[in-house]
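S.K.: The structure follows.
Laboratory data are not the source of any read-out in this text; all were calculated from the coordinates shown. A quick note: this is a predicted structure, and the numbers were derived from the prediction, not measured. Heads up, the Cβs are rebuilt from the backbone with ideal geometry, glycines too, and the neighbour counts pull from every protein chain shown.
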Amino acid sequence: MSQKSKIEYLESCRARYPSRNRVGRSAMIDEVSDTLGWDRKHAIKALNGKVSLGQGAQKRGSKATYAEEEKRVIVEIWKRSEQPCGKLLKPTIPLWLDSYETHHGSLTEETRRKVLQCSSRQLDRITAPHKLSDAGRHGRSTGRTSHRLKSTIAVRCGPWEVDRPGWLEVDTVSHGGGSSSGEFMWSLTLTDIHTGWTELAGLWGNSGREVCVGLRRIEARLPFEMLGFDCDNGSEFLNTVVENHLLGQGRPPKWTRSRAYKKNDQAHVEQKNFTHVRQLLGYGRFDELQLVEMVNDLYENAWLPMRNIFTPAMKLIEKKRVGSKVRKTYDSPQTPCDRMLACEHVSEETKQKLRAKRAEIDPLALSDLIESKLQAIQQIVEEIEERRAEERWRAGETARAISPAATAGGGCATALVAIAPDAFTPPPPAEVLAKSTTKSHKTNQVRVS
């Protein structure tokens, strides 16, 4: 029975119920209970008009605490702050609320109070309908052979025990679109262990010379001195160019490396590779030189200020095994800037600069700037992909137009234009499962240039 039929049937019974005697009412109650599958007490309430169906039904439970006004404020800040979870969104809202009122008008005292008192679980429930389900993509790792410096650089593993900023984990992120052929852009990532402060730089290739260029660019804007440099075993770090740059300084940092094939030794920077690079730029191929400066402009002037100053994060305090489970304890969410301001080993001059920088930045305006710069980068990437697809189509048409007989007797063969590598890898040919009955004879093939 449909819902509409149930409503019509119940209204018909209600009209006849008052005119029945006691026996007739009892029979109608039994009939309604059997037809609609209700208990007798519920059927009596429904026939007396105390229970309704459809649009007239009263919603059970307590009334909603947060109206659409509060939800709109929470969702807007959540979207602009890169969609953090409820535990990170709660300390983010006080940092962004003044900027929201600047752009969208002032809020009432009641609305402001409700937004600030909203719990982490309630924030997750409010933002849940606006989340997109997307099964992420996994990139491919590219690298080169190791170097002699492995025998001289100490291996560091185990938890970090530091009480001041300056101890950095370093890694690179490939923007080759799944292919290591040709020249393309890389991202250099440096993450501070104590505060979570992260710096990024775009590189054209991953040679030692390019890594040094990125390091100089980052060191010029770091708010603290580099005390430790922990890298992986890639050849972009273990080379003489980076060695001369690091050890040639007045106070060289302590240079360590992780164990081979143990990515969890650099868990801090590996996490930032995803949250700060992959979630921003994706897994596509950036093989135009002009994209390097555009990405560096995005990193320095928009993305890093928002992540380091206005995006809280949690730190792992304790990890304890209880039976077959591992129980982890985290501290309260704080931004890297707040951790810098709370550190007693940071100079007061540095703290004053951080406070002044945070006071002059509008997070919502910063979010709009990020989107505009990303759109410009994406437009160039789409133009490159369209041009590359057209070149592949033309190369295919040319190959089909040339017959083997036309080139067999000529002194030279027409060469196709080399196409830039693409992220797409053609599938291998299907394997022949049936064994051939004819014997195959090997012939010496001579390739003529």
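S.K.: Sorted from fewest to most neighbouring beta carbons within 10 Å, what does the list Cys212, Cys231, Cys85 look like?
M.R.: Listing Cys212, Cys231, Cys85 from fewest to most nearby Cβ atoms yields Cys85, Cys212, Cys231.
S.K.: Right, something else. Report the full-extension gain for the segment Ile317 to Glu382: residue separation times 0.36 nm, less the Cα-Cα distance, to one decimal in nm.
M.R.: So the chain would gain 19.0 nm between Ile317 and Glu382.
S.K.: Which translational diffusion coefficient, to the nearest whole µm²/s, is obtained for the stretch 149-384 from the Stokes-Einstein equation, given a Kirkwood hydrodynamic radius over C-alpha pairs, 25 °C and 0.890 mPa s?
M.R.: 130 µm²/s
S.K.: Let me ask you something else. How long is the stretch 3-54 along each principal axis, judged by its Cα atoms, biggest number first, in Å?
M.R.: 29, 20, 17
S.K.: Counting other beta carbons within 10 Å of each Cβ, put Met340, Met314 in order, fewest first.
M.R.: Met314, Met340
S.K.: Here is a follow-up. Using Cβ counts within 10 Å as a stand-in for footprinting exposure, how do Val162, Val23, Val170, Val381 rank, fewest first?
M.R.: Going from sparsest to densest Cβ surroundings: Val23, Val162, Val381, Val170.
S.K.: If you project the alpha carbons of the stretch 68-129 onto the principal axes, what extent comes out on each, in Å, largest first?
M.R.: 25, 21, 20
S.K.: Pick out, in residue order, every one of the GluC sites (Glu not before Pro) in the stretch 153-252 that is DSSP loop and has at most 15 other C-beta atoms within 10 Å; say none if there are none.
M.R.: Those that pass, being in a loop and sparsely packed, are Glu161, Glu183, Glu225.
S.K.: Please give the FRET efficiency for Val23 paired with Thr65, using the beta carbon to beta carbon distance and R0 = 45 Å, rounded to the nearest 0.05.
M.R.: Given R0 = 45 Å and the Cβ-Cβ separation, E is 0.40.
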